[in-house]
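Structure, as structure tokens:
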Amino acid sequence: MAAEGASAGGPAPDERHAIGISFGNSNSSIAVTMADDKVEVIANEDGDRQIPSILSYVDGEEYNGQQARQQLIRNSKNTVACFRDFLGQDFKSIDPTHCHASAHPQAHNDTVAFTIKDKAGDEESTVTISEIATRQFRRLKQSASHFTGKDVNSAVITIPTNFSEKQNEALTKAAKDAGIETLQLIREPVAALLAYDARPETKVSDKNVVVADLGGTRSDVAVIASRGGMYTILATAHDYEFAGVHLDKVLQDHFAKEFIKWNSIDPRENARSLAKLKLESEATKKALSIGTNANFSVESLAEGIDFTSTINRLRYETIARKVLDGFNRLVEGVVKKAGLDVLDIDEVILSGGTSHTPKIASNFGSIFPETTKIFAPSTSATAINPSELQVRGAALQASLIQEYESEDIEQSTHPAVTTVKHLTNAIGVLAISDDSHKGIFTPIVSAETAVPARRSIHIPVPKEGGDVLIKIVEGGSHIKVTKPESAPTTNGKKESDDSEDSDEDSDEEPEEQREKVWKVGNVLAEAAVKGTKKGGQVEVMINVAVDLAVTVTAREVGEKGGVRGNLSAP
Amino acid sequence: TTHAQAGLPLPVLPEGWAGEKDFKAVAHLSPATQRTIEPVGPHFLAHARRARHKRTFSEDDR
Ligand SMILES: Nc1ncnc2c1ncn2[C@@H]1O[C@H](COP(=O)(O)OP(=O)(O)OP(=O)(O)O)[C@@H](O)[C@H]1O
Ligand SMILES: [Mg+2]
């Protein structure tokens, strides 16, 4: 179920020219890993790295990307848009909402098709979703081959976490028909995380990551346990009510009302006017991600009347509040679904085009504690372009596996290799603090670590050195909530000095403090390291085998010997 | 391999503590959960290599 293996009959490893492909309902992108291991996101013939997943036909000529998108105004009937999610589905299961202003999907045997004039002359053809996707893949292959100077014939392609096996098969077939062997299908949030983890400055660590993929027509969030560079998805959520198009809609309605005020004409009632309104609203929205003011300007918006206006970011954020709050709830919900608390999350990766929106990143910043890193363009100068994360991850994976035989890839992605035991509790060693003789849990291996696993820690000995006790225990964390006793007037909690804000705040209840604390669980083993030196350190290593047998080793750092003991498999 | 660094010190060995070769096994690990790791990234590939050749970490280190 994890990922589709390679299809047999593709090019041999030494004949492969592999790329990464991300194929969304709104945009596609292609990328290749260069000789220096750097990923290059490839621009198509129009210079676009975000290539609208749209095909349009005029007098038998095919247009793709931005050029096809412009056809939504004059030639919407022969323009196919927003179709990725229809792959591998029957007509009854699809949501055609986003095809109102383009070619309409229809039932065709057990699949979905479009009736369009894709040839010169007036004859209409029925083109299946599979064929449409193949044509989109052909365009991507062409642009990638043009860039690399080689015949690109294989790819790692990203898929949503809720794609069914049937959808995976349909996607693989559509790519194959375009001459692209699918090396592997990888899940979108995992691709995004890989893109960040592949940066040379990223250290391999154990962390819990939220990937919020906010796209054009859907928002998908995943909580991923990242343990020593291996990824396990703990929970996912999908939402089709709060996404990029809903932010566009807010601006459409805003400017439509303004236009009505001046002209008493509703531009939403005429298909062509509505198409213009939509395209410009999206452009205004994107401009608001960079500037604090943006223009809205359409020639002949309705009945020949030109329309120009402006909006500032604050106003936009106010009228878009409902959609923005929707993203917050989605993220909070999936953290809960994973059985975690916001305090357990180390990183939040904002992925997908809508993640450029500054307010979304700042909202997430206030949901999570200050220690959580938020990776978004507006919160981190070193953030990777959220629109490129998935394709970058796919290109990296392609370069990792392109030299493998197809069977090896298939074997490695087989459930026998990917389905493994994960620890329920953390494993750690007890330390003492100055003011108490109670043991303090110091984690060595995190919960949700896949086995086999090996981790070690360096821990100081008491000031005087001597014989020390190594007590290996399981640990669980919980959230401790403390309510402040009284309400002091100077509440240092609030960061913003905004005077309007603090006026409201002074009436509020003092905020409760929430902290993550460890609870010591089962004792697993005890060991003694004797005769340690003043100021010394002990290295404790835990090795958990596939069958959950544990090996503990402890020795003074820089010294030979030490102790070693085993706990047999349960 | 990399290691984490702890801040607080270890306790002193209690008087009279005894264990065979300085080690005392007390309990097994709690039951684990079956989950699926994503077959993606360099660390997964290393894992798959070990799994397919039935090698341990230290054999892999050599
Ligand atoms: N700079 C920006 N600021 C705000 N929104 C942006 C920006 N750039 C792109 N977007 C929005 O991102 C959305 C497209 O995101 P993305 O390319 O990730 O979609 P996708 O995954 O192909 O789409 P879908 O969710 O429909 O499958 C569009 O709504 C677009 O307007
Ligand atoms: Mg997407």
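The values are calculated or read from the model by the stated rules, or taken from the named source; none is laboratory data. None of the values given here were measured: they were computed from a predicted structure. Quick reminder, even Gly has a Cβ in these numbers, built from the backbone with ideal geometry, and neighbours come from all protein chains shown. Just so you know, the surface numbers come from the protein's heavy atoms only, side chains and all, with ligands and any DNA or RNA stripped out. Shrake-Rupley method; radii C 1.70, N 1.55, O 1.52, S 1.80 Å.
General remarks:
- Residue in the stretch A:195-207 that is assigned by TED's automatic domain parsing to the domain that holds residue A:343 and closer than 30 Å to residue A:323 by Cα present: yes
- Flag if residue A:192 is away from ligand 1 (no atom under 15 Å from the Cβ), hydrophobic (A, V, I, L, M, F, W, C) and part of a helix (DSSP H, G or I): no
- Any chance residue A:517 is open to solvent by less than 100 Å² (accessible area, probe 1.4 Å) and either at positive phi or at pLDDT 95 or above (or both): no
- When A:315, A:321 are screened for being within 30 Å of residue A:236 (Cα to Cα), of a type outside the set (Gly, Ala, Ser) and without any contact (Cβ under 8 Å) to a residue 24 or more places away in the chain, only A:321 passes.
- From the list A:403, A:474, A:410, the lone residue that is surrounded by fewer than 19 Cβ atoms within 10 Å (Cβ to Cβ) and either outside the structural domain of residue A:27 (by TED's automatic domain parsing) or in a helix (DSSP H, G or I) (or both) is A:410.
- The listed residues are A:232, A:217, and the only one of them that is modelled with pLDDT of 95 or more, under 16 Å from the mean Cα position of the chain (by Cα) and within 15 Å of ligand 2 (Cβ to nearest atom) turns out to be A:217.
- Applying the set (1) without any contact (Cβ under 8 Å) to a residue 40 or more places away in the chain; (2) in a helix (DSSP H, G or I); (3) β-branched (Val, Ile, Thr); (4) crowded, with 17+ Cβ neighbours inside 10 Å to residue A:374 leaves exactly one unmet item: (2).
- Residue match in the stretch A:321-332 (condition: more than 19 Å from the chain's Cα centre (by Cα) and among the basic types (Lys, Arg)): yes
- Filter result for residue A:469 (facing another protein chain (nearest Cβ under 7 Å), over 36 Å from the mean Cα position of the chain (by Cα) and of a type in the set (A, V, I, L, M, F, W, C)): yes
- Matching residues, the stretch A:184-211, being surrounded by 24 or more Cβ atoms within 10 Å (Cβ to Cβ) and touching a Phe, Trp or Tyr at 6+ places or on another chain (Cβ under 7 Å): A:190, A:193
- The residue list A:324, A:343 contains one member that is of a type outside the set (S, T, N, Q) and in contact with a strand residue (DSSP E or B) (Cβ under 9 Å, 6 or more places away or on another chain), which is A:343.
- The requirement of being in contact with a Phe, Trp or Tyr (Cβ under 8 Å, 6 or more places away or on another chain), more than 16 Å from ligand 2 (Cβ to nearest atom) and modelled with pLDDT of 95 or more is satisfied by residue A:42.
- The stretch A:243-258, subset open to solvent by less than 10 Å² (accessible area, probe 1.4 Å) and within 16 Å of ligand 2 (Cβ to nearest atom), residue nearest to residue A:306 (Cα to Cα): A:247
- Note on the stretch A:377-399: residues that are open to solvent by 20 Å² or more (accessible area, probe 1.4 Å) and aliphatic (A, V, I, L, M) amount to 4.
- Filtered residue count, the stretch B:4-31, keeping only those that are facing chain A (nearest Cβ under 7 Å), open to solvent by 80 Å² or more (accessible area, probe 1.4 Å) and in a loop (DSSP other than H, G, I, E, B): 4
- Restricting the first member to the stretch A:42-55 and to residues that are closer than 25 Å to residue A:103 by Cα, and the second to residues that are open to solvent by 50 Å² or more (accessible area, probe 1.4 Å) and within 16 Å of ligand 2 (Cβ to nearest atom), the beta-carbon pairs closer than 8 Å and six or more apart or on different chains are A:50/A:27; A:51/A:27; A:52/A:27; A:53/A:27.
- In summary, residue A:176 fulfils each of the numbered conditions (1) open to solvent by less than 20 Å² (accessible area, probe 1.4 Å); (2) away from ligand 1 (no atom under 16 Å from the Cβ); (3) part of a helix (DSSP H, G or I) with the single exception of condition (1).
- Looking only at the stretch A:26-75, and only at residues there that are within 20 Å of the chain's Cα centre (by Cα) and closer than 30 Å to residue A:300 by Cα, the one that is surrounded by the fewest Cβ atoms within 10 Å (Cβ to Cβ): A:49
- Across the stretch A:428-466, the qualifying residues are those that are part of a loop (DSSP other than H, G, I, E, B) and at positive phi, and the one among them that is farthest from the other protein chains (Cβ to nearest Cβ) is A:465.
- Residues that are surrounded by 24 or more Cβ atoms within 10 Å (Cβ to Cβ) and within 16 Å of ligand 2 (Cβ to nearest atom) within the stretch A:9-25 comprise A:20, A:21, A:22, A:23, A:24, listed in sequence order.
- Count of the stretch A:26-38 residues which are assigned to a strand (DSSP E or B) and within 16 Å of ligand 2 (Cβ to nearest atom): 5
- Highlighted here are the helices (runs of 4 or more DSSP H) found entirely within the stretch A:264-345 that include at least 3 residues which are in contact with a helix residue (DSSP H, G or I) (Cβ under 6 Å, 6 or more places away or on another chain) and over 25 Å from residue A:377 (Cβ atoms): A:271-290.
Quick grid of which residues meet (1) within 16 Å of ligand 2 (Cβ to nearest atom); (2) of a type in the set (Ser, Thr, Tyr); (3) away from chain B (no Cβ under 14 Å):
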| site | (1), (2), (3) |
| --- | --- |
| A:325 | no, no, yes |
| A:328 | no, no, yes |
| A:337 | no, no, yes |
| A:371 | no, yes, yes |
| A:385 | yes, no, yes |
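- Taking (1) touching a helix residue (DSSP H, G or I) at 6+ places or on another chain (Cβ under 6 Å); (2) at pLDDT 95 or above; (3) buried (at least 18 other Cβ atoms within 10 Å of the Cβ) in turn, residue A:369 satisfies each apart from (3).
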